[in-house]
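Here's the structure, in structure tokens; my notes come after.
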Amino acid sequence: MSGTLVIFKKELKGFYFNSTFWMICFLVSVVFSWVYPIQLNLFSQLLMNYVMQQGVPQNQLNIHYGVFLRQLSYLNLLLIFVVPALTMKLFAEEKKLRTFDLLLTSPVTSFQIVMGKYLAALGAVGGIVLLALLYPLATSTLATVNWGPLFIAFLGIFLVGGVYAAMNLFASSLTENSIVAYVASVIFNVSIWFVGIGTEVVDGERARKIFEHVSLSSHLSGLVEGTVRTNGLIFFLSIIVLFCFLAERVVESSRWR
Amino acid sequence: MIQVKDLTKDYGPRRAIDKLNFSISKGDVVGFLGPNGAGKSTTMKIITGFMAPSHGNASVAGFDVFENPLEVKKRIGYLPEIPPVYADMYVQDYLRYVAALKQVPKEKIEGSVKNAIEKTNLGDVQKRLIHHLSKGFKQRVGIAQAIVSDPEVLILDEPTVGLDPKQVAEIRELIKSLKGQHTIILSTHILPEVEATCEKVIIINKGRIVAEDSIQNLSTMEQGQIRLHVRLRKSVEDMQNVLSGMGSVIGVHSGASAKEWSIDLKGSEEAVENVSSLLVGKGYGLLELTPAKRDLEDVFLKLTYGQQEKGGPA
């Protein structure tokens, strides 16, 4: 297990002691600093005028729905493109610079290599999610915030980030070209949202149920509304485990190829 | 220490190495010699557990590299052709990382890093980014990386390639200084390197071992044979004829002009003496007489390219 820890520490340092990561954080915060106050402003106007407006959905009058969930959907959009930028070099760069030789000739297993790198990527994703969490935290000085659903919603988006990280780690392990890894990762991240679309085209009840269960959005929607369901958590974990396993196989394959 | 048995590796239809068999005992410094593409790197990669063989097996310190790769990797320091260094790390941090990766106990890491830096003379650059180092220094960081865990076996794949002569000399000195503490395998296609550092040579060509012996034995492969280079003041048209009376002469080759010859003799120093006194006696004006040993280069070329010795002075 110590191998995992050594690689984890090194990669996490590689993220946090690197200007690229802070550049990404800066850009993310620029986007939020522009969008979030506008959202907040619109929400406050809506509250002031709602008596005069007819047919405003009830849940839009809640700050959780009116502001935080919108922010989360922007965060999700950003993560689709940001997580690949963080993870693309994890394996591709090592292969290109031949530092991969060092890892493969060190007394660590493929599993430890992948785990170390995955946990480090998770650490970096966590940093960005925390950065986004600062905005609701700042809002709590102006408004009453229901902390439970807020944290659960952010946990949900963090799990989605974890799914991206696992898929993108796998994409990075496939190639030694970082750009290819990036493009493949973005395609993975975008296409996982389209799996659930199957619900709308299949006829059978059973098939529809299956698509519902493998749809990322149906599991995420539970979490962002503040309800934790074990089947949702298991679903996220299964995807993460699946792609980490695939990445581990790719790393291992270089031993016998 | 290292046992290699029937080791074979296929890359698709191409056979990179074909049934290699050799063994290396503890403390040996072995040169792994061969032209480019002979299968040197492949063999080394298999011994390090980096890749698996198609057939056969290899073991290090009694552990099979495929069955028990972790035990093997603990005992090996490996410098690949391209030093596996992270450009964005500081030399010291990098070596600490490698030491931790190689499972050096925590309390010993600082000591081993210091030791490796000392041995490879990296003291001046230890706090610099690897990115900013010259190629020679990067190579040294690569070697430091290989020795930082104080491994029993050190595998160096072309450690001096692309370095300037001074750096080459330094790296050779370094390898010499590591002798005795580690079992070293050194792959190269540069012959003087092997002559300078190794005791034993394995010559490999097209995936097969063509010779395996000590340098001493290889360079005097044909025992009791001496080649003399002579330079005369006067021209001699037919040296063969002049020397025809001597039984010990087995071959005569002309040199750049009729004043330079090389003569192959069988026998001992007496034969040399006879030739010199004959040449002096005939009044050719003997200016130079140098005995030349067959050197490793001849052996190497002959074995790997099947090239026959050419006439004339080498």
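For the reader, a short list of remarks on this structure follows.
- Comparing B:Ser41, B:Ser25, B:Ser268 in a Gaussian network model of chain B (Cα springs below 10 Å), the most mobile by mean-square fluctuation is B:Ser268.
- Phi-derived couplings, Karplus 6.51 cos²θ - 1.76 cosθ + 1.60 at θ = phi - 60°, listed residue by residue for the stretch A:181-197: 4, 5, 5, 4, 4, 4, 4, 4, 5, 6, 6, 5, 6, 8, 4, x, 4 Hz, with x used for Gly and Pro.
- The chymotrypsin sites (Phe, Trp or Tyr not before Pro) of the stretch A:1-41 meeting both criteria, a DSSP state outside H, G, I, E and B (loop) and at most 16 other C-beta atoms within 10 angstrom of the site's C-beta, are A:Phe17.
- Between the stretch A:95-129 and the stretch A:178-221, the Cα center-to-center distance that results, in Å: 27 Å
- Solvent-accessible area per residue in the stretch B:2-215 equals 41 Å², computed with a 1.4 angstrom probe and all protein chains kept.
- In chain B, the longest principal axis of the Cα atoms and the axis of helix B:106-119 are about 30 degrees apart.
- Residues of the stretch B:105-141 with amide N under 14 Å of the 7 Å Cα→Cβ point at B:Asp164: B:134-138
- Accessible surface of B:His132 - all protein chains present, 1.4 Å probe, nearest 10 Å²: 110 Å²
- Within straight-line cross-link reach of B:Lys135, aspartates and glutamates at Cα separation under 16 Å, skipping those fewer than 8 residues along the same chain: B:Glu81, B:Asp88, B:Asp124, B:Asp157, B:Glu158, B:Asp164, B:Glu170
- Qualifying aspartates and glutamates (Cα of each under 16 Å from Cα of B:Lys106; at least 8 residues distant if same chain): B:Asp93, B:Asp150
- Sequence of B:Arg15, B:Arg75 from largest to smallest accessible area, 1.4 Å probe: B:Arg15, B:Arg75
- Rounded to the nearest whole Hz, the Karplus-based 3J(HN,Hα) values (6.51 cos²θ - 1.76 cosθ + 1.60, θ = phi - 60°) of the stretch A:225-232 follow the sequence 7, x, 10, 9, 10, 4, 5, x, with x at glycine and proline.
- Per-residue ellipticity at 222 nm computed for the protein assembly as shown from its helices equals -17000 deg cm²/dmol, with DSSP H segments shorter than 4 residues left out and the rest contributing -39,500 (n - 2.57).
- FRET efficiency for the B:Asp64 to A:Ser191 pair, using the beta carbon distance and R₀ = 41 Å, is estimated at 0.45.
- Heavy atoms of B:Leu154 accessible to a 1.4 Å probe, total area in Å² rounded to 10: 0 Å²
- Charge context of B:Val249, other residues only, Cβ under 14 angstrom, K/R +1, D/E -1: -2
- Neighbourhood charge, 13 Å Cβ-Cβ cut-off, centred on B:Phe63 and excluding it, Lys, Arg +1 and Asp, Glu -1: -1
- With a threshold of 29 Å on the Cα-Cα distance, the over-threshold entries among A:Lys9/B:Lys26; B:Lys74/B:Lys302; B:Lys102/B:Lys138; A:Lys13/B:Lys9; A:Lys9/B:Lys9 are A:Lys9/B:Lys26; B:Lys74/B:Lys302; A:Lys13/B:Lys9; A:Lys9/B:Lys9.
- Interface burial in the stretch A:87-109 reaches 30 Å² or more for A:Leu97, A:Arg98, A:Thr99, A:Asp101, A:Leu102, A:Leu104, A:Thr105, A:Ser106, A:Pro107, comparing the full protein assembly with the chain by itself; accessible area from heavy atoms with a 1.4 Å probe.
- Pairwise label distance in nanometres, A:Asn62 with A:Trp22, each label 7 Å out on the Cα-Cβ vector: 4.0 nm
- Accessible area ranking (1.4 Å probe, heavy atoms, ligands and nucleic acids excluded), largest first, for B:Lys282, A:Lys117: B:Lys282, A:Lys117.
- Per-residue SASA entry for B:Glu195, accessible area with 1.4 Å probe, Å² rounded to 10: 90 Å²
- Each of B:Ala196 and B:Asn57 was given a label point 7 Å from its Cα along the Cα-to-Cβ line. The distance between the two points is 3.9 nm.
The values are calculated or read from the model by the stated rules, or taken from the named source; none is laboratory data. Small disclaimer: the values here were computed from a predicted structure and weren't measured. A quick note on method: Cβ atoms are made from the backbone with ideal geometry, for glycine too, and the neighbour counts reach across all protein chains shown. Areas reflect the complete protein model, heavy atoms only, side chains present, ligands, DNA and RNA absent. Shrake-Rupley method; radii C 1.70, N 1.55, O 1.52, S 1.80 Å.
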